[in-house]
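A.B. asks: Dropping a structure here in structure tokens format, bear with me for questions.
The values are calculated or read from the model by the stated rules, or taken from the named source; none is laboratory data. Computed from a predicted model, the values in this text were never measured in an experiment. All Cβ positions, glycine included, derive from the backbone under ideal geometry; neighbour counts span all protein chains shown.
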Amino acid sequence: MDVNMTYATQDIWTWWLAIYLYFGGLGAATLAVTFLTDMYLKPHRHLVIWGAGAGVVLLALGSLMLFGHLLDKVAVLHVLNPMILFRKPDAWIAWGTQFIIWMMVWGVLYALPYVRETEFPRKVPGLRSLIDRPFVVAIGTLVQRFHYTVGWLAVINGVGVAVYTGLLLQSFPAVALWHNPAVPLLFTVSAFSTAMAFLLLLMYTLINDQADEYIRVLYERIDLVLIAAELVILFSLYQYLKNGSESGVRSLELLWNDYGWLIGFIGFGLIVPFVLELKGVIKGWATRVPIITASILVLTGGYLLRYYFMYAGVYAYPW
């Protein structure tokens, strides 16, 4: 019996979910890399303050983006309850919500002792009275005592958020582009690549300390490896979709016939920054312009990846 296939591009999860996934992965990975750097490479007050502050803001903005598009906003109370993880362990939004909440909690706590050492909070009337309260001082002292424990709790939750962004998409079997084993790996690698790029931007502009040169070089080398890993995963994904279901083939056609995906994401979001960073790793930089350019391109490519994954999600069903 002949079966006709009907194809429809999903139009419910669009740019707003791409922003949520992008900010979530970028913010969480930024916090994780920042704290690992502070714990094991060099105690770095400025990096922690900037990295933790930016990471928490990104996580909060991404979560607000998702909350703003919920039809039933009261339903968010269910995913805020950690007990739902025991009743429904495959509820990925609930897992992600818990990871994000605790990531922000541990992130703020880890940065608190560093913030109290700076002059800025004491120049702001409201903050000045807050950071000198006995309970805030006590929390800061406790965090310093359990420095590595708080740091690793933040790192674990950060990795959880980065992985979750891919698992959320993978949990939809109707869209072959999303429902495959490469997606969680691709989104996790992309999250940490964009985090490296973001921190490089910070360290070449706002912080710009010559003593941090070895940290910047390490970030560049790690990002180079992560971009290469993304390209390998994308090639594997291409082969998987090409030989898979009709839904996957249609998504493949949408992506690889779109100049925004080919030139915008793969070209300028991956290959160009890979070449720039490879040159820097081999020969070094005469100026900061190439690495700043590469970082901006990686950050832009990270969003384009998620945008085009939403755009090319295709349902296929017989009739």
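A.B. asks: Going residue by residue through segment 223-235, is there one that turns out to be small (G, A, S) and free of Cβ contacts under 8 Å to residues at least 12 places away in the same chain?
C.D. replies: Among the residues of segment 223-235, not one is small (G, A, S) and free of Cβ contacts under 8 Å to residues at least 12 places away in the same chain, which makes the answer no.
A.B. asks: Out of I207, I222, report the one residue that is within 20 Å of V48 (Cβ to Cβ) and touching a Ser or Thr at 6+ places or on another chain (Cβ under 9 Å).
C.D. replies: After applying the criteria, what remains is I222.
A.B. asks: Additional query: In segment 28-49, which residues are out of contact with any Gly (no Cβ under 8 Å at 6 or more places or on another chain), surrounded by fewer than 20 Cβ atoms within 10 Å (Cβ to Cβ) and part of a helix (DSSP H, G or I)?
C.D. replies: Listed by number, the residues that qualify are Y40, R45, H46, I49.
A.B. asks: Let me ask something additional. What helices (runs of 4 or more DSSP H), lying completely within segment 104-196, carry at least 2 residues that are touching a residue at least 24 places away in the same chain (Cβ under 8 Å) and of a type outside the set (F, W, Y)?
C.D. replies: Where helices (runs of 4 or more DSSP H) fall fully within segment 104-196 and carry at least 2 residues being touching a residue at least 24 places away in the same chain (Cβ under 8 Å) and of a type outside the set (F, W, Y), they are 134-145, 147-170.
A.B. asks: Hey, among the residues in segment 129-153 that are touching a helix residue (DSSP H, G or I) at 6+ places or on another chain (Cβ under 7 Å) and more than 20 Å from P43 (Cα to Cα), which one's modelled with the highest pLDDT?
C.D. replies: Out of the qualifying residues, it is V136.
A.B. asks: Which of (1) surrounded by fewer than 22 Cβ atoms within 10 Å (Cβ to Cβ); (2) more than 17 Å from the chain's Cα centre (by Cα); (3) under 29 Å from T287 (Cβ atoms) does N180 not meet, given it meets every other one?
C.D. replies: (3)
A.B. asks: Which numbered condition trips up V232, out of (1) surrounded by 20 or more Cβ atoms within 10 Å (Cβ to Cβ); (2) among the hydrophobic types (A, V, I, L, M, F, W, C); (3) farther than 19 Å from T300 by Cα?
C.D. replies: Answer for V232: the failing condition is (1).
A.B. asks: Would you tally the residues in segment 281-319 being among the hydroxyl-bearing types (S, T, Y), part of a helix (DSSP H, G or I) and more than 16 Å from L255 (Cβ to Cβ)?
C.D. replies: Number of matching residues: 3.
A.B. asks: Another question, if that's okay. Can you tell me which condition S251 does not meet? The list is (1) at pLDDT 95 or above; (2) small (G, A, S); (3) surrounded by 22 or more Cβ atoms within 10 Å (Cβ to Cβ), and all the others hold.
C.D. replies: Just one mismatch for S251, condition (1).
A.B. asks: Listed residues R288, R306; which is over 15 Å from T194 (Cβ atoms), basic (K, R) and in contact with a helix residue (DSSP H, G or I) (Cβ under 6 Å, 6 or more places away or on another chain)?
C.D. replies: Within the list R288, R306, the selection yields R288.
A.B. asks: Can I ask one more? Any residue in segment 250-263 that is farther than 23 Å from L59 by Cα, part of a helix (DSSP H, G or I), under 20 Å from the mean Cα position of the chain (by Cα) and not aliphatic (A, V, I, L, M)?
C.D. replies: Within segment 250-263, one or more residues are farther than 23 Å from L59 by Cα, part of a helix (DSSP H, G or I), under 20 Å from the mean Cα position of the chain (by Cα) and not aliphatic (A, V, I, L, M).
A.B. asks: Give me a count of the residues in segment 197-247 that are closer than 24 Å to F35 by Cα and not in a helix (DSSP H, G or I).
C.D. replies: The number of residues fulfilling the criteria is 2.
A.B. asks: Go through (1) touching a residue at least 12 places away in the same chain (Cβ under 8 Å); (2) in a helix (DSSP H, G or I); (3) not acidic (D, E) and name the single condition W13 misses.
C.D. replies: (2)
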